[in-house]
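The structure appears right after this line, and notes come after that.
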Ligand code: FES
Ligand code: CO
């Protein structure tokens, strides 16, 4: 059975500027999709010409249509084939000549696709983005691991002192004080968690940070940080595109109220370092799929965010089923 939780969800497929008049192929839950931009906006359709199975992403965009590279069949934005060059003019194009299209939108500088029926016209995250903060988008980061493994790693506070030692944590200060999870309108949020951080964002000085984690959707989460003795506010959203059960691509959106004059690459380079450290862990975890049975692994109180995440996935029926 199709997994309704993921099938009807908005998935990030590209940075907005990656989609232009050159077709781009992406994969969402095993479904190959081609994206292109025309005067009518972005179109997302199955990346497969119905004539002889050639990916439409090998073709080209002409006006509002995409043209197959093999025999030049042209598809309009509704997925209907509207021109078959080899067909004599007096013959009608078969009505069956069409390919499925998918819901697609732009939000927060990313392009999003929903394979099923989206419950909202755009992803929920934009409701949680304060406009006065400086946005910085990051990605794509391909990861050879299951999407929920990547999300859970992002929600894991007690790895900071070990995987990101010297940056986000110090192994001399590994204890995590107790905290709780609260739910509000389907968003799961932790109370504040204090962590001593030697160099939390690459600027070279240590602080005690207060982390809050939020779970918005199966593959969309956020952490918020404040630092003791400062007014600095930092948000980091993680949006994960599940390409298959065991591969995914991560995108991030950082929002902060400081460092206007710090070049973007300082933050991006720092995030790349952290991601490389996390990749080594998540790409080697077993089982590859996140166990949703809470008896399957051991949990501590400090794993409450992860426990809430696993419970939520189970409740939503996330299975990665595709047929
Ligand atoms: Fe696409 Fe023939 S395979 S036009
Ligand atoms: Co990490």
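The values are calculated or read from the model by the stated rules, or taken from the named source; none is laboratory data. Given the structure is predicted, the values throughout are model-derived calculations rather than measurements. Heads up, the Cβs are rebuilt from the backbone with ideal geometry, glycines too, and the neighbour counts pull from every protein chain shown.
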Taking the options 219, 300, 274, name whichever one is within 19 Å of the chain's Cα centre (by Cα) and closer than 21 Å to residue 170 by Cβ.
-> 274
Criterion (more than 16 Å from ligand 1 (Cβ to nearest atom), within 25 Å of residue 180 (Cβ to Cβ) and touching a residue at least 12 places away in the same chain (Cβ under 8 Å)) met by exactly one of 296, 306 = 306
Going through the stretch 132-147 one residue at a time, which ones are away from ligand 2 (no atom under 15 Å from the Cβ) and touching a helix residue (DSSP H, G or I) at 6+ places or on another chain (Cβ under 7 Å)?
-> 136
Within the stretch 91-100, can one find any residue that is at pLDDT 95 or above and in a strand (DSSP E or B)?
-> yes
Provide a single number: the residues in the stretch 270-311 that are more than 16 Å from ligand 2 (Cβ to nearest atom), part of a helix (DSSP H, G or I) and loosely packed, with under 13 Cβ neighbours inside 10 Å.
-> 1
Over the stretch 198-233, the set of residues over 18 Å from residue 257 (Cβ atoms) and at pLDDT below 90 is 198, 199, 204, 206
Candidate set: the stretch 65-82, residues that are more than 14 Å from residue 100 (Cβ to Cβ) and surrounded by 17 or more Cβ atoms within 10 Å (Cβ to Cβ); chosen: the one farthest from ligand 1 (Cβ to nearest atom) | 65
Test: residue in the stretch 203-213 that is closer than 30 Å to residue 27 by Cα, more than 16 Å from ligand 1 (Cβ to nearest atom) and part of a strand (DSSP E or B) = yes
Residue among 188, 173, 110, 154 that is without any contact (Cβ under 8 Å) to a residue 40 or more places away in the chain, at negative phi and in contact with a strand residue (DSSP E or B) (Cβ under 6 Å, 6 or more places away or on another chain) = 173
Hey, residue 161 hits all of (1) within 16 Å of ligand 2 (Cβ to nearest atom); (2) in contact (Cβ under 8 Å) with a residue 40 or more places away in the chain but one; which does it fall short on?
-> (2)
Among the residues of the stretch 43-64 satisfying the criterion of being surrounded by 15 or more Cβ atoms within 10 Å (Cβ to Cβ) and outside any loop (DSSP other than H, G, I, E, B), which is nearest to ligand 1 (Cβ to nearest atom)?
-> 56
Could you run through the stretch 119-128 and say how many residues are surrounded by 19 or more Cβ atoms within 10 Å (Cβ to Cβ) and farther than 17 Å from residue 238 by Cβ?
-> 0
Go through 116, 53, 59 for me and flag whichever is at positive phi and modelled with pLDDT of 95 or more.
-> 53
Does the stretch 99-121 contain any residue that is within 16 Å of ligand 1 (Cβ to nearest atom) and not assigned by the TED database to the domain that holds residue 217?
-> yes
Options 92, 145: the member that is surrounded by fewer than 17 Cβ atoms within 10 Å (Cβ to Cβ) and either more than 26 Å from residue 20 (Cα to Cα) or touching a residue at least 12 places away in the same chain (Cβ under 8 Å) (or both) | 92
Filter the stretch 254-279 for residues that are within 18 Å of residue 158 (Cα to Cα) and in contact with a helix residue (DSSP H, G or I) (Cβ under 8 Å, 6 or more places away or on another chain); the one that is farthest from ligand 1 (Cβ to nearest atom) is 277
